[in-house]
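The values are calculated or read from the model by the stated rules, or taken from the named source; none is laboratory data. All values derive from a computational prediction rather than experimental measurement. No Cβ is skipped: glycine too gets one built from the backbone with ideal geometry, and neighbour counts run over all protein chains shown. What goes into the accessible areas is simple: the full protein's heavy atoms, side chains included, and nothing from ligands, DNA or RNA. Shrake-Rupley method; radii C 1.70, N 1.55, O 1.52, S 1.80 Å.
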Amino acid sequence: MSKSSAARRVPEKPSLAGVEAKFSERWKTEGVYIFDRSATRDRVFAIDTPPPTVSGSLHMGHVFSYTHTDTIARYQRMRGKDVFYPMGWDDNGLPTERRVQNYFGVTCDPSLAYVANFEPPFRGNPPKDHRAVPVSRPNFIELCDQLTAEDEQVFEDLFRRLGLSVDWSLLYTTISEHARRTSQRAFLDNLARGEAYTQEAPTLWDVDFGTAVAQAELEDRERPGAYHAVSFHGPNGEVIIETTRPELIPACVGLVAHPDDSRYAPLFGKKVRSPLFDVEVGVYPHALAQPDKGTGIAMICTFGDLTDVIWWREFDLPTRAIVGRDGRIVAEAHGAIVGEAARSNYAILAGKSVKQAQAAIVEMLRSSGDLKGEPRAITHPVKFYEKGDRPLEIVTSRQWYIRNGGRDESLRNALLARGEEMTWHPDHMRHRYSNWVEGLNGDWLISRQRYFGVPIPVWYRVAADGQPDYDSPIVPGKAKLPIDPSTDVPDGFTAQQRGVAGGFVGDPDVMDTWATSSLTPQIASHWVDGDDLFKRVFPMDMRPQGHDIIRTWLFSTMVRSHFAHGGIPWKRAALSGWILDPDRKKMSKSKGNVVTPIDLFDKYGSDAVRYWAASARPGVDTAFSEDQMKVGGKLATKLLNVTKFVLNFECIEKSAPSSGPTNDQNSGVTELIDLAMLARLNAVVADATTAFEDLDYARALERTESFFWWFCDDYVELVKTRAYGRVSADGAPARAADCSPDELSARHALYRALSALQRLFAPHMPFCTDEVWSWWQDGSVHRAEWPTSTEQRGASKDSEILLDTASTVLSEIRRTKTEAKVSQRAKVSEVVVTCDASQAEAVANAHSDLVKAGSVAELSTISGSTLAVAVTLAQVS
RNA sequence: GGGCGCUUAGCUCAGUUGGUUAGAGCAUCUCCCUUACAAGGAGAGGGUCGGGGGUUCGAGUCCCUCAGCGCCCACCA
């Protein structure tokens, strides 16, 4: 490329319009971000990308955190790393099911047969009074596949528009054949090693979704409730308990009080009888009972809450469940309810929802005289499934678990130690992890009674009595994966043997979505196929994610990696913050959807939106700010303008970034002030590099940006007159051949700084930097070499004094003109700088530039201890 | 109840082993069409760094303590 052709590529009127489409297309066709899978592990930087859930739309939170990751990816790429940066779509699981139900107006009924060429009743926005149409499981899954494919295209378009430097050829989805195979294989490995097991146990249950849920998916919500004082009938009179769930009285299997509570000590070991149902239950002492709660003595029910489960287990109490999986009181009273009055009381409750049953039982207690006083209204925290709408119940059911240290001290300690092996960004996030692991109270429940997920890949033999044998499941061969045990038949059986005595039955459940997404490093690297890609990228370098899913995604990934590979899945975790409303409240979904990312891209440009995101410190919750986007837009425009200006000067060379070490890096730069500017830039490069190595994209940006504005406002202003050289008649700068060495020095320095600045900004603002780069360089800036501090001469104290002094004198001249309300072009008759010797030397070295930049007639210095600048404006006639 | 984070200008935030007079952007005000940029530029005003105590020659920075805000976890009768 010749210099003149380079110059000709500079547009007359630089503009950011259309850069996103232009470069998205160019990056795609030129494969700028393609991962070289022949790279060895030491040359690779691997990112375990969070796969967004495909159940709605991407919002500003995604834009925010994915931008952070992308800046790191781009930096590493420019450093010469082969960046493994896949994208994944989490299209597996409940959120997708729910979206499909709402979008098409259907519901899954596994008992129905498949209908070919099925047409759903609606495509988007079914009317409110529409009753969901039941469809077969295969039809339902087809609809899931259809809708996720459409959603995923929209997601990809948005991420391309945002400028993510993802290698799209590495795309994975969590419901794909490959992900199902990986997930089932990992599960079977866990099973073979004894890390997965099945057990019948009390389980947290969402009655609306009809599925078990895991500890990690719980959340508390404050709900109104009421204390009901209820009388139990003891040998020596009544025992008053207080309960928020009187409807569970028929499920009561005991009473419990603190061992030290003298009020109840005489009752320990004695029996009392429940009101209305006349069931005899024991009174037990236990340290978990709190004397100051209610009356200090509580019902143990099967099951009202998790503490009930603990007591039930420890005292080996009977199971007298009354709440069914549909959330209603079961029809048949359990065997302990025997009396006629008791049975007819129960009959009133049978079939009612929990809420209705409570109202009914309060009336019954009131008329029987067992309700003491009126209920006292309170609000209290109640456990919900995080995606659910009704409080969780606890029902007994058979489920699959993966060990996670919740019931095993040594495993817990091993997982805690794994957390210590990693680097956390920010560091304090490690506490979230250890806090969670230390607080686990059970193993990881992975089975879900749902449809659109990865099936649990096992069958059970059916004994002669028709009961499945859960203790020794039949597992498929690895080559057969993925399987669906509801349709596939295990080796040695025929389809006719399904469900019959002596035959087999498939496990009906699917795995929790985290059971698959905990394998993203393995899925993305095709571990299950024995692909050598795995050993080139694993353990990965970086796991970016939100801090809200440390307990789910991060922890579960750690568990799987610990079991499967005996090590951590990545070296570092980068936890991003939240987006907050401008009023500092956590940004609500509804508000987040009002301002869509695309609108903001249109309004400010992708680079400007990225600038806002990249300005936020890693891990810090950040207010949504269109003002910051405006600032980013200004920065991008400024970069265009200053590039155009600098390239306006013909130079001997184009400051190739990758010139070899034998070249004199400051070739052609002779003036001290030019060298000083390059030295300052050198320090900025070093700072930005250190910051990026620490994943601190924000600091890198801030350092670069503040240098950049100083460069534009002071340095360029100081040297521009010199850089022009002898201006020709039409006002154009002098040709390079006609320039003196000091004039060329300015031009060389400007070129070098420009080249470095464009590269320094490239990770943050990929579109405008590639645009300006393309005006004078070959190839994409995103494949250019990251600037190194050896490209410029090292900083020195003298050079900083030179620049600071020159800047101070210049701004004093400006201030004088501004305060005198005259144009900055106004002539200055005299400037006298009072300063010390080193500053005097600085003024001498910047003398001719200062004089030109300030239109100064006389510039002199006098000796003094403190720097002072006296500016005398020329008289205006 | 346990853990973690935050508190610096009207607003949003920097401030990296303690080191001149605490910075930036936005907002406000003033001025300037200036030949890269008026969708610009040059300037100004504005802070007892949450309160108190301590260490130190020196504290926004380290220690103690109190307060407010936020988050995570536990509790849930």
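Highest-first packing order for the peptide set A:731-737, A:297-303, A:435-441, A:318-324 is A:297-303, A:318-324, A:435-441, A:731-737, based on the mean count of other beta carbon atoms within 10 Å.
For the residue pairs A:Lys603/A:Lys638; A:Lys644/A:Lys821; A:Lys13/A:Lys821, the alpha carbons lie more than 23 Å apart in A:Lys644/A:Lys821; A:Lys13/A:Lys821. These residues, A:Thr494, A:Thr148, go from largest to smallest accessible area, 1.4 Å probe, as A:Thr494, A:Thr148.
How large, in Å, is chain A by the Kirkwood hydrodynamic radius built from its alpha-carbon pairs?
Working: mean 1/r = 0.0310 Å⁻¹.
Final number for the Kirkwood radius of chain A is 32.2 Å.
In the range A:750-847, Rg over Rh equals 1.13, where Rg is the alpha-carbon radius of gyration and Rh the Kirkwood radius from pairwise Cα distances.
Using the average count of surrounding beta-carbon atoms within 10 Å as a protection proxy, the listed peptides A:484-492, A:267-275, A:535-543 rank, highest first, as A:535-543, A:267-275, A:484-492. A:Cys108 sits with roughly 10 Å² accessible to a 1.4 Å probe, with DNA, RNA and ligands left out of the calculation. Please state, as a whole number in µm²/s, the translational diffusion coefficient that the Stokes-Einstein equation yields for the range A:213-309 at 37 °C and 0.692 mPa s, with Rh defined as the Kirkwood radius across alpha carbon pairs. Result for D is 235 µm²/s.
Ellipsoid fit via the Cα gyration tensor, the range A:408-499: semi-axes of 40, 16, 12 Å, each the root of five times an eigenvalue, largest first.
What FRET efficiency comes out for the pair A:Ser706/A:Asp532, r = Cβ-Cβ distance, R0 = 45 Å, nearest 0.05?
On the way: r = 45 Å, r/R0 = 1.00.
Computed FRET efficiency for A:Ser706 and A:Asp532 comes out at 0.50.
When all protein chains stay in place and ligands, DNA and RNA are ignored, the 1.4 Å accessible-area order of A:Val213, A:Val382, A:Val475, largest first, is A:Val475, A:Val382, A:Val213. Computed from the C-alpha gyration tensor, the three semi-axes of the ellipsoid equivalent to the range A:150-203 are 36, 14, 10 Å, from longest to shortest.
Per the Debye formula on identical point scatterers at the alpha carbon atoms of the range A:291-392, with no solvent, log10 I(q)/I(0) at q = 0.24 Å⁻¹ is -1.55. Mind running the shape call on the range A:153-273? Use the C-alpha gyration tensor, a ≥ b ≥ c as the square roots of the eigenvalues: rounded below 1.5 for a/c, prolate if a/b tops b/c, oblate otherwise. Prolate. DSSP finds beta bridges in chain A, and of those with both partners inside it, around 65 percent are antiparallel.
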